[in-house]
Amino acid sequence: MKVGILGLGTVGGGVVNVLRKNADSIKRRTGVKVKVVLAGVRDVSQDRICDTSDITLTEDPYEVVNHKDVDVVLELIGGTEVTKDLVETAIKNGKHVITANKALLAEHGNELIQLANQNKVRLLFEASVAGGIPIIKSLEQGLSANKIESLAGIVNGTGNFILTEMKEKDRDFADVLKEAQMLGYAEADPTYDVEGIDAAHKLSILAAIAFGTELQFDKVYTKGISEITTEDIKYATELGYVIKHLGIAKRVGNSIEMRVHPTLIDKDQIIANVNGVMNAVLVKGDALGTSLYYGAGAGDEATASAVIADLIDIINNQTSNHILGWKSQEKTKVIDNNLINSEFYLRLLVSDVSGVLAKLTQIFHDQKVSIEAFIQKKVDVDNNAHIAIITNKINTKNVMNIKAKIEASDFNQDSVQILHVETLD
Ligand code: NDP
Ligand code: HSE
């Protein structure tokens, strides 16, 4: 089996290393010898994390996708700019493609999967969601008897690493992000990690596979972790919660919810204790009930594990040409985020003047919202009071009305932080 790789960075380098290290067991599983013959990179003179002595390197990626000896192309460059045409060319040339690129799939997956089916080749992408965790194979194969009701997961390693370090070591956001970049976890543009775009790409892929729908990345409500402060983390701890960046997809009648946002979850939930670069996805199926998938969400060899599993599937011909694991797809409406019900956390800074709390609670009362928990910290040097509130389960529109009313009031001193609070089952 002759393999051509596009990109020999963190993931591409990891793939070459694992293919070398486990060559014997891969041969025993497949009966063939896997050989990386050609790799396309940006700069052939760069140092690599893998031995490239027996691989021809090229700065022209089209050499890889057009090479007559290449049976399978591994697209491990990232982004959509150069990769869309490269993947299309490989498919049209009759080559199977494996990619770790969730941006490419979320944005162009519907057309690319169709093109692969038309050309009778496979397009596999286990590594695109939750790094090394075989969550796509679990949904497509292990859980295929179930009607999936919901899934909720930590699917961005960089974001989880940042939140964990901020909580455990009181570290600065920017400083931890720099470390995640050095460790090879972050996207080439790390705003994808911290603004939730990467998690939204992944959630749209998981939801399409779980519910048998088209990919609908543009419908995912997306909020990142960049506005989470150490104050939020401390309040959450005091209230018995942990803040995690979650992707949540739920079936509600004939529609689905898809949202990605920082979320307060009970500190005793298993997923609240998934730390560092680790990812976890909780899936609720009607037959199995709830099951949890946990493992490294990023990193060279962890991600290579998923890429190579797809390669072994192709060699062993285990995956047929379904559309995201289904023979037919449903058209499913995605529910507008404003219509979603949740409990909410609010953090406020108000002036310390007599009667402020009465005015504040009146705003909640006017929206028929009940306060479930309340903390007020001692007044600071500027004579402001720091407050954190948890509401009962309410409509998103109500909490946005409350935020607008508080921000327009004479006692408000800063913008109001709003975060979801979820009970996962
Ligand atoms: P890197 O930046 O480490 O590697 C990218 C590779 O692509 C480099 O080898 C680079 O070449 C090469 N490259 C970039 N542009 C071109 C081009 N125009 N032509 C040819 N080669 C090019 O990225 P990662 O390995 O981290 O990520 C690769 C993919 O895997 C992305 O889609 C990412 O989202 C995904 N992914 C990453 C994970 C991780 O832990 N890092 C985990 C799961 C998925 P050169 O080395 O010469 O600069
Ligand atoms: N940047 C991504 C993350 C890589 O941190 O999760 C894995 O997809």
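The values are calculated or read from the model by the stated rules, or taken from the named source; none is laboratory data. Just so it is clear, the structure is predicted and the values come from calculations on it, not from any experiment. Positions of Cβ are backbone-derived with ideal geometry, glycine not excepted, and every protein chain shown enters the neighbour counts.
Below are the figures for this structure:
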| quantity | calculated |
| --- | --- |
| Scan of the range 374-416 for residues that are touching a helix residue (DSSP H, G or I) at 6+ places or on another chain (Cβ under 6 Å), under 30 Å from S150 (Cα atoms) and assigned to a strand (DSSP E or B), ordered by number | A388 |
| Of all residues in the range 67-82 being within 16 Å of ligand 2 (Cβ to nearest atom) and part of a strand (DSSP E or B), the one that is surrounded by the most Cβ atoms within 10 Å (Cβ to Cβ) | L74 |
| Subset of the range 194-231 that is polar (S, T, N, Q) and assigned to a helix (DSSP H, G or I) - its residue that is nearest to ligand 1 (Cβ to nearest atom) | S204 |
| Residue among V73, V121, V82, V65 that is under 17 Å from D310 (Cα atoms) and within 16 Å of ligand 1 (Cβ to nearest atom) | V73 |
| First in the range 214-243 and on the phi > 0 side of the Ramachandran plot, second anywhere and part of a loop (DSSP other than H, G, I, E, B) and modelled with pLDDT of 95 or more, Cβ under 6 Å, 6 or more apart | G240/K267 |
| Residues of the range 156-171 satisfying the condition of being of a type outside the set (G, A, S) and surrounded by 13 or more Cβ atoms within 10 Å (Cβ to Cβ) | N156, T158, N160, F161, I162, L163, T164, E165, M166, K167, R171 |
| Residue in the range 376-404 that is nearest to T229 (Cα to Cα), counting only those that are touching a residue at least 60 places away in the same chain (Cβ under 8 Å) and in contact with a Phe, Trp or Tyr (Cβ under 8 Å, 6 or more places away or on another chain) | A388 |
| Members of the range 217-232 that are of a type outside the set (G, A, S) and closer than 24 Å to N337 by Cα | F217, D218, K219, V220, Y221, T222, K223, I225, E227, I228, T229, D232 |
| Filtered residue count, the range 27-44, keeping only those that are within 16 Å of ligand 1 (Cβ to nearest atom), surrounded by 12 or more Cβ atoms within 10 Å (Cβ to Cβ) and not in a strand (DSSP E or B) | 3 |
| Given (1) in a helix (DSSP H, G or I); (2) surrounded by fewer than 21 Cβ atoms within 10 Å (Cβ to Cβ); (3) within 16 Å of ligand 2 (Cβ to nearest atom), number of the condition D85 does not satisfy | (3) |
| Residue, surrounded by the fewest Cβ atoms within 10 Å (Cβ to Cβ), within the range 277-308, restricted to residues that are in contact with an Asp or Glu (Cβ under 8 Å, 6 or more places away or on another chain) and within 20 Å of I265 (Cα to Cα) | T290 |
| Pick from the range 126-149, criterion small (G, A, S) and surrounded by 22 or more Cβ atoms within 10 Å (Cβ to Cβ), ranking: nearest to ligand 2 (Cβ to nearest atom) | G131 |
| Scope the range 181-193; condition crowded, with 24+ Cβ neighbours inside 10 Å and outside any loop (DSSP other than H, G, I, E, B); matching residues | D193 |
